[in-house]
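Take a look at the structure set out below.
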Amino acid sequence: GALQNMADCDAAVDALTCRQAVVDAGGAAAVVAAMRGHAADGLVQRRGCGAMQNIVAGSDTCKQAVLGAGGLAALVTAGTNHPLCHAVVSVAVRRLLGDLGAFAPAAPAPPPPPPPAVVAPPPSAAELTEAERARQRAETRVQREQEQREEAERQREEAERRAWALQQGQEGLQSAIDRLQAEIARLQTETAQLRAASQSAQTSAIDRLVDSSSPGVGLLSMAAGPLAHFNSQYQSARRRCYTCLVIWPAAGPPSPFGFEVSLLRKLWAEGGRGRQTLPTGFTLTRIEAIDVLASDRQAFYNLVEQMDSRRSSGATPGPFNPNYPNGDPTGEKAAVFAQLRARFLPRDRLRNQNIMLALHGCSHAAADNVCKNGFAVVPYRDEPWFGRGLYMTTYAEYACRYATGE
């Protein structure tokens, strides 16, 4: 390519000087050697033919140098094996052999003159015009083929450039994916470490609540305050609990809140249909206890003790010990109440008011709202089955179905 450009000058004097310099430096032989050494490479063949096309446009010495280096044979071979070289080869051969000048090889002896032939009449003007048109059409066709070959070459180079750019883009994308995967793996590792640290901290928090040297029957959460407040048996129980502490995880270590958890798990185990089976379709995974404010606990204790003092022994109906609304003609309500009475908790510090464990089925959001603000006062349009009030159940499955909206 360099030799092709050096042999292609615009000014006449500079062009002859440049071409002669290329020939003097052995450029013609170098071009022929390169074409012979890379006969299958179309680009080398096209550049070589272009270089010789420019060199033979010089003096007779330049043309002789090309012939002496075997340039004619190289041109013919390139034109035969590489169709894209046809146009360049045609121009180079025409320059090389069409105007050899003084250095052209001597022509062989002419054969004896043929016998006089009938001289054809000169072509007519119409024939000459048609011949000129044919020549112009041939030149136009050659030029068009050359342009098509150049366009094909341009498209090939553009396709190679796009392929290279696509490859670079894919490599960059893969590199970005690898970095993201490494970051995800790092975050997953950190998450696992944080989860393990959180579990360890929670376990340590529970362990700090248990002091085997302290007297008492065991450990109760703040939420289980009524167990100790209204029953002297549990007066020495230590009541401590962090806010919303999981006091029993199904897949964790044994809970130190043994007595309290055993009552709740027993309530769950008897919460299916018939009271002898587990709830169908539901699983108990954890038990949480909330840290009720001291003022709220004391308000509850005051309410219970007030109700205890207002109620009679139960034999005489009154405003704080009413009959069933609309009576109980079938005895069904009395039977239900008898079952509830069997679940009353010990309360030797109360005479007439009873305490029991019960469940209220609701969503997580509603449970958080109850823990924060207490139960809402619900206006009733008609008289409920057991009278007006906050309804709960001892059937775990029944509460679960309320929570799920079933």
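The values are calculated or read from the model by the stated rules, or taken from the named source; none is laboratory data. Bear in mind the structure is a predicted one, so any value in this text is a computation, not a measurement. Glycine gets a Cβ as well: all are built from the backbone with ideal geometry, and neighbour counts include every protein chain shown. The protein model used for the area step is the full one, side chains on, heavy atoms only, and it has no ligands, DNA or RNA in it. Shrake-Rupley method; radii C 1.70, N 1.55, O 1.52, S 1.80 Å.
A few comments on the model shown:
- Considering GLU127, GLU150, the condition of being at pLDDT 85 or above and either in a helix (DSSP H, G or I) or loosely packed, with under 10 Cβ neighbours inside 10 Å (or both) is satisfied by GLU150 alone.
Residue-by-condition table, conditions (1) over 46 Å from the mean Cα position of the chain (by Cα); (2) open to solvent by 80 Å² or more (accessible area, probe 1.4 Å); (3) free of Cβ contacts under 8 Å to residues at least 12 places away in the same chain:
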| site | (1), (2), (3) |
| --- | --- |
| THR277 | no, no, yes |
| ARG286 | no, yes, no |
| ALA294 | yes, no, yes |
| ARG297 | yes, no, no |
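- Residue in region 26-34 that is modelled with pLDDT of 85 or more, in contact with a Ser or Thr (Cβ under 9 Å, 6 or more places away or on another chain) and farther than 27 Å from GLN143 by Cβ present: no
- Pairs linking a residue in region 26-49 that is closer than 25 Å to GLU150 by Cβ to a residue that is among the β-branched types (Val, Ile, Thr) and open to solvent by 50 Å² or more (accessible area, probe 1.4 Å), with Cβ atoms under 8 Å and 6 or more positions apart or on different chains, are MET35/THR77; ALA39/THR77.
- Elements of type helices (runs of 4 or more DSSP H) contained in region 309-406, each with 3 or more residues being open to solvent by 40 Å² or more (accessible area, probe 1.4 Å), at pLDDT below 85 and not charged (D, E, K, R): 332-341
- Taken over region 251-291, the criterion of being within 12 Å of LEU220 (Cβ to Cβ) and in contact with a Gly (Cβ under 9 Å, 6 or more places away or on another chain) is satisfied by PRO256, PHE257, GLY258, PHE259, GLU260.
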